Amino acid sequence: MTENRQQNAEHESIWQEERNTACVERHELTIERMRRIVTESTVGEAFQPYFQECALFLLELEAVRRKVEEGSWWKLSLMEMQEYNRRLYVDLLPEQYEKSYASPVYACSVFGKELGQILSMLYAELHGGVGYAFENRMDYLTILNELLIEVYNCFEEQVPEYKTLKEILYWYASDYCDVFLADRIEEQLYPDRSFATNLILHENLKDERYLYAFGEYITENELRTARHLASLSEETIQKMADVYTEGYRIGFINTGKDLSKKSVVNIRYCLGFERVVRRAICNFEKMGLQPVIYRAASSVITRKEQIRIGYYGAIPNKQYEYDHRSDQALFLDKRYVERKLDVLKNVYEKHKEQAAQFAGPAVIETFGEKPFSPEVHEEALSYTELQQGLILQYDSKSGQITNQYIKGEERSFTIVAYPVPEIGNQYSEIFDEVIRINTLDAKLYEKVQQTLIDALDQGEYVHVLGKGENRTDLKVKLWKLNDPEKETIFENCVADVNIPVGEVFTSPVLEGTNGILHVSRVYLNELQYRDLEITFKDGMIADYRCGNFENEEDGRKYIYDNVLHNHETLPLGEFAIGTNTTAYVVAKKYQIEDKMPILIAEKTGPHFAVGDTCYSWSEDIRVYNPNGKEIVAKDNSCSLLRKEDVSKAYFQCHTDITIPYEELEEISVLTKDEKQIILLKDGRFVLPGTEVLNIPLDEDTEVNEMKPE
């Protein structure tokens, strides 16, 4: 293993070594300056502790980087690595956060609102450098060091003006956009830039120390996940990897896309699953695909709010992530947006041949963490209305640029999810159940779901009605078929891109889709929503509310920021009926309904996605169900705008909201001759030919009736 590690490090470091060599002198000067900042007293007394803490942290990163570079990191014991890991993240943890400069609330209480926001934002940017140390990114660490020094120098004479500090942060982001953002894009395209791949393939996965070599925060979740996977048989691990990679391959087949034209697959996952990922890499190699496995972005220049895309470990503090989701509000303006778009365009153009090799992401998600509902802190940076418009402009134009070089009609994806130990004491049993859910009989579901589709294809509307306290009353307008013998409205979704099996879905006709969608509790993009209600008028969101906050306006802003993603409205991009009653029963049995990821939860009832359709950027690709009928309901009146102005067609978001079976009174199909076909009644499938889906529900009822009172 030591020989492999050395050979691998030598191969990996060629590109990075050149960049490190070029900045050695600059770097050493910054390190020397850091040491002086720790000991001198040249800034005001109120600011000295802040700068000393920042300098000490950067010196800690340098110490780690040198251990990695020299190879002495691997001589540390597990306990020593764990201590380093704790020290690097301690200021962000919930128990420290209230008295940490990482908290905008605390920083503003010490320095006042304007200076507090800037210095907290800077503190967060510096703490995003942990991964750089473990990747031996001397160039990146030099940039962070110089940023702190520049800000520190401003405080040596007198307290600087807010405008001065703001300009420093602006030019930091603008000047280094062509470093951080350019590297970010290249990491997504070139397998030889994948630091994580080398660890996964060459380290001893039975030695838990390997987890601490990534530079991510490690908790019992990651450790126990790795231990649980180590306890599973080779056959089970291979089965998990096969479901994951085969879903990816079938996704290309089912959408008529040529996988043989591609050579790169992006693997995204959470630490602890390396044993499965190693097998998956082997499977992908047999398909002619090499992996790119890049770290979730940590810089204000490259990250997208609190959403993590890439590989990552534990999230030290979700409130911290939420507080800093809008940090670029400090300097975001039209000039900066244009700068980022120029960099994006130029980098893709320079690497267009490699970009064409990108096949798309293969994602392993996790679930089971305690649901998080954030506090709203006015001290945290937030976007102005003008900035929100600029973000939407950037998202739209960057999506267009990316699609120009990585064409939507040529790429695909797959997603699978597994629980983490935080889900509860029955973690092992739940994990086994999820393996079972992820490997259900696709042929059985294909047949039953086709029965549902045959009924739905007769419809003009679908009517979804809630039961009891659920206020859902929504009529979804369906596409009109011109040739029912050859065409279909709904896609028969089995285990390909969205694992597990268990849904039929369509792109609704917006005009005529009206009513209220309500759910008592749902977990979307790691955020919890209680008593969520959305009103649709002609398929567009007309109103919304939730019960998370005492102040209703706080709830509206919460939805606006995290569901509408700063759009004034969004279309109903997808309507689906989930059929995976096995997953539903497992969730009820272990009382983990609120912890199930949307990937599985969407299969346990009807779900509604706001934003783009499932076919965005590839609507013109002809897609067929297993029975040979072409799926024709792929567009709506928003996506069709791409033929006139592509910037008006897409929203760069797609959020699924599921109503659980127990909150359903009825789902029925309304035909043009006013006939009603009932699909579900009181949370059970009643359409002839679909009753088999009730078997897990019946077995669950029998078990509950046998339990002693």
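The values are calculated or read from the model by the stated rules, or taken from the named source; none is laboratory data. Keep in mind that this is a model prediction, so the values were computed, not measured. Neighbour counts are summed over all protein chains in view; Cβ atoms, including those assigned to glycine, are modelled from backbone coordinates with ideal geometry. The protein model used for the area step is the full one, side chains on, heavy atoms only, and it has no ligands, DNA or RNA in it. Shrake-Rupley method; radii C 1.70, N 1.55, O 1.52, S 1.80 Å.
Any chance you could count how many residues in region 636-651 are part of a loop (DSSP other than H, G, I, E, B) and surrounded by fewer than 20 Cβ atoms within 10 Å (Cβ to Cβ)?
Summing the residues that are part of a loop (DSSP other than H, G, I, E, B) and surrounded by fewer than 20 Cβ atoms within 10 Å (Cβ to Cβ) in region 636-651 gives 3.
May I ask you to list the residues in region 130-160 that are of a type in the set (Asp, Glu) and within 29 Å of the chain's Cα centre (by Cα)?
Listed by number, the residues that qualify are GLU135, ASP139.
Can you tell me which residues in region 243-283 are open to solvent by 10 Å² or more (accessible area, probe 1.4 Å), in a helix (DSSP H, G or I) and not charged (D, E, K, R)?
VAL243, ILE250, ILE253, ASN254, LEU259, SER260, CYS282, ASN283
Condition check ((1) assigned to a helix (DSSP H, G or I); (2) open to solvent by 30 Å² or more (accessible area, probe 1.4 Å); (3) in contact with a helix residue (DSSP H, G or I) (Cβ under 6 Å, 6 or more places away or on another chain)) across all residues:
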position	(1), (2), (3)
ALA417	no, no, yes
GLU422	yes, yes, yes
GLU429	yes, yes, no
VAL434	yes, no, no
GLU446	yes, yes, no
LEU452	yes, no, no
HIS463	no, yes, no
TRP479	no, yes, no
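Note down all Cβ pairs under 7 Å where the first residue falls in region 520-546 and is closer than 15 Å to THR569 by Cβ, the second is outside any strand (DSSP E or B) and acidic (Asp, Glu), and they're at least six residues apart or on different chains.
Going by the 7 Å Cβ cut-off, the qualifying pairs are ARG545/GLU552.
I'd like to know if region 71-85 contains one or more residues that are within 25 Å of the chain's Cα centre (by Cα) and closer than 24 Å to ALA297 by Cα.
yes
Would you confirm whether or not region 321-344 contains a residue that is modelled with pLDDT of 95 or more, touching a Gly at 6+ places or on another chain (Cβ under 9 Å), buried (at least 18 other Cβ atoms within 10 Å of the Cβ) and of a type outside the set (A, V, I, L, M)?
No; the residues of region 321-344 include none that is modelled with pLDDT of 95 or more, touching a Gly at 6+ places or on another chain (Cβ under 9 Å), buried (at least 18 other Cβ atoms within 10 Å of the Cβ) and of a type outside the set (A, V, I, L, M).
Among residues belonging to region 350-376 that are of a type in the set (Phe, Trp, Tyr) and over 19 Å from GLN319 (Cβ atoms), point out the one that is surrounded by the most Cβ atoms within 10 Å (Cβ to Cβ).
Top of the filtered list is PHE367.
Scan region 58-70 for residues that are in contact (Cβ under 8 Å) with a residue 12 or more places away in the chain, open to solvent by 20 Å² or more (accessible area, probe 1.4 Å) and of a type outside the set (Val, Ile, Thr) and report the count.
Residues meeting the conditions: 3.
Out of the residues in region 377-398 that are crowded, with 17+ Cβ neighbours inside 10 Å and of a type in the set (A, V, I, L, M), state the one that is farthest from ASP342 (Cα to Cα).
Once the filter is applied, the top-ranked residue is ALA380.
Counting only residues that are open to solvent by less than 20 Å² (accessible area, probe 1.4 Å), within 18 Å of ALA314 (Cβ to Cβ) and more than 23 Å from the chain's Cα centre (by Cα), how many does region 189-215 have?
The qualifying residues number 1.
Which number in (1) touching a residue at least 60 places away in the same chain (Cβ under 8 Å); (2) within 27 Å of PHE490 (Cα to Cα) marks the one condition that ASN514 misses?
(1)
Quick one: how many residues across region 320-334 are assigned to a helix (DSSP H, G or I) and in contact (Cβ under 8 Å) with a residue 40 or more places away in the chain?
Final tally of qualifying residues: 8.
Please specify each residue of region 465-477 satisfying the condition of being small (Gly, Ala, Ser) and either surrounded by 19 or more Cβ atoms within 10 Å (Cβ to Cβ) or in a helix (DSSP H, G or I) (or both).
Hit for region 465-477 is GLY466, nothing else.
Condition first: in contact with a strand residue (DSSP E or B) (Cβ under 7 Å, 6 or more places away or on another chain), under 23 Å from THR535 (Cβ atoms) and open to solvent by 10 Å² or more (accessible area, probe 1.4 Å). Now tell me which residues in region 659-697 satisfy that.
Within region 659-697, GLU663, GLU665, GLU666, LEU670 qualify.
GLU305 is checked against (1) under 20 Å from PHE214 (Cα atoms); (2) surrounded by fewer than 21 Cβ atoms within 10 Å (Cβ to Cβ); (3) touching a Lys or Arg at 6+ places or on another chain (Cβ under 7 Å); (4) of a type outside the set (Gly, Ala, Ser) and fails just one. What number does that condition carry?
(1)
What about PRO571, is it under 22 Å from SER637 (Cα atoms), open to solvent by less than 50 Å² (accessible area, probe 1.4 Å) and out of contact with any Phe, Trp or Tyr (no Cβ under 6 Å at 6 or more places or on another chain)?
Criteria met by PRO571.
Evaluate the following for CYS614: is it touching a His at 6+ places or on another chain (Cβ under 7 Å) and at negative phi?
No; evaluated as a whole, the condition is false for this residue.
Tell me the residue from TYR50, TYR89 that is in contact (Cβ under 8 Å) with a residue 12 or more places away in the chain and open to solvent by less than 10 Å² (accessible area, probe 1.4 Å), please.
Answer to the check: TYR50.
Within region 654-664, is there a residue that is over 18 Å from ALA576 (Cα atoms) and part of a loop (DSSP other than H, G, I, E, B)?
no
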